[in-house]
Amino acid sequence: MHDLIIPPKVSIAPMVDVTDKHFRYFMRLLTKKALLYTEMITCEGIYHGDEEKLLAFNSVEHPVALQIAASSVEQIKKAMPKIKNWDYDEINLNAGCPSDRVSGNLMGACLMAYPELVRDMLFTIKEYTDKPVTVKHRIGIDGKNILPSDFKRTLFDTYEDMHHFVSVIREAKPERYTIHARIAILEGLSPKENREIPPLRYEEVYRLKEEFPELSIEINGGFKTIEEIKAQLDKVDSVMIGRLARDNPFVMKYVDSIYGESSSSKLTRRQIIEEFISYAELCQDKGENAYYAIGHMDGLFLGKRGSKRWKQILNTPASHNIKASELLRISLKELPQEVLDEV
Ligand SMILES: Cc1cc2nc3c(=O)[nH]c(=O)nc-3n(C[C@H](O)[C@H](O)[C@H](O)COP(=O)(O)O)c2cc1C
């Protein structure tokens, strides 16, 4: 049994091309408590693909949640036997991703137009696991030109629409609802624009928590400081953080203070880099791409002296034949010592 706190107070969001096992290892140096999510992985990919490559993780990552995407109960049935081989602390169903690739296949956010299907998918996941099963969705969707023409309407963007969605899927008793507090516009906006353009509507998430006090509600979208995150906990059960963790990871070392730890982590950038040197060496020994792994630390000096030099060092062309672990050693010599040692 791992030290999984349910509901977590803070989780680090699923982010494709970001929250792979290397990023999660990096995050775990900064916070021992936050729940870490994998990238979204499709059930079809899991069924047909290389299980080890897609699902393996480092035991230090616990508590860690796997996020899956599927468009049918059958896909889930095919993938779950493989997923069961891995000791994830939670399985999360994606009903919030707006990408064309995903919505075109009836996955991600467009599932909000199919609450009964989402409910049945959650039921199905539960048949295979005793671990918490959770769902991540949006406030609503605009499914114009994406949802089939036999739909009476394609706009599901009112509070009442979300209320209906939650009322149906709660029959499957998901352990947590993570709500990205803006709608997803399924046609005409890129995934990036869908994280920026539709306005944030936090009030509707708070209202949902008021009307369903027994449900564990996690709010997501746009939080930029530890103070903002803490303030949310007066209104909802937990907060999911995405881009802040990617772009300014050093802030994540204050997350454990939210859990009432007597003090925040005392880890300095130097210590983080030293830890990651050993990790990069392990990756190199296993023949893994350690350059890719250290690339996840890109934001470690955000807003600090040395930030530009740090990025240059991390992006040293492979043709220079310097090992990733060696690049990190170089950074310890070249970057401003006071920034490296800042607590
Ligand atoms: C690069 C990137 C990839 C993402 N991939 C996923 C994903 O795989 N699954 C998912 O549910 N959300 C994904 N998201 C959305 C985030 O989980 C989160 O909901 C969103 O970024 C809003 O939170 P934030 O404002 O704290 O970043 C992604 C976001 C980013 C920036």
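The simple spin-label model puts a point 7 Å past each Cα toward its Cβ; for D17 and K266 those points are separated by 4.0 nm. Taking the Cα atoms of the chain, the ratio Rg/Rh between the radius of gyration and the Kirkwood radius comes to 0.98. Our summary gives region 269-340 a relative contact order of 41 percent, counting only alpha carbon pairs under 8 angstrom and 6 or more residues apart.
Just checking the listed ones, I141, I226, I330: in the Gaussian network model of the chain with Cα springs under 10 Å, the one fluctuating most is I330.
Using 17 Å as the cut-off for backbone N distance, which residues of region 281-297 belong to the label zone defined by a point 7 Å from the Cα of D50 along Cα→Cβ? Only 283-293 fall inside the zone, counting backbone N under 17 Å.
Within the straight-line cut-off of under 22 Å between alpha carbons, the lysines reachable from K304 are K224, K253, K266, K333, sequence neighbours fewer than 8 places apart in one chain being disregarded.
For region 178-245, what relative contact order do you get, as a whole percent, if you take Cα pairs closer than 8 Å and at least 6 residues apart? It comes to 33 percent, rounded to a whole number. For region 269-340, a Kirkwood radius taken over Cα pairs fed into Stokes-Einstein (25 °C, viscosity 0.890 mPa s) yields D = 202 µm²/s. Mean residue ellipticity at 222 nm, helices only, the chain: -10500 deg cm²/dmol; runs of at least 4 DSSP H residues each add -39,500 (n - 2.57), and the sum is divided by the number of residues.
Can you give the % of DSSP beta bridges in the chain that are antiparallel, to the nearest 5?
5 percent
Summarising the amide proton neighbourhood of L155: residues at separation of 5 or more, or on other chains, whose placed amide H is nearer than 5 Å comprise G143. Taking the 1.4 Å solvent-accessible surface of the chain as the whole, the part contributed by carbon and sulfur is 50%. Here's the list of lysines a cross-link from K209 could span, going by alpha-carbon distance under 21 Å and ignoring same-chain residues fewer than 8 apart: K9, K136, K173, K230, K235.
In sequence order, region 333-340 has phi-based couplings of 7, 8, 7, x, 4, 5, 6, 4 Hz under the Karplus curve 6.51 cos²θ - 1.76 cosθ + 1.60, θ = phi - 60°, and Gly or Pro positions carry x.
Once the 1.4 Å probe is applied to the protein heavy atoms, the chain comes out at 44 Å² accessible per residue.
Tell me, what is the percent relative contact order of the chain, built from C-alpha pairs under 8 Å that lie six or more residues apart?
Values: 616 pairs, mean separation 53.2, N = 343.
Relative contact order of the chain: 16 percent.
The values are calculated or read from the model by the stated rules, or taken from the named source; none is laboratory data. Predicted model, so just to flag it, every value in this text is computed and none were measured. Glycine gets a Cβ as well: all are built from the backbone with ideal geometry, and neighbour counts include every protein chain shown. Just so you know, the surface numbers come from the protein's heavy atoms only, side chains and all, with ligands and any DNA or RNA stripped out. Shrake-Rupley method; radii C 1.70, N 1.55, O 1.52, S 1.80 Å.
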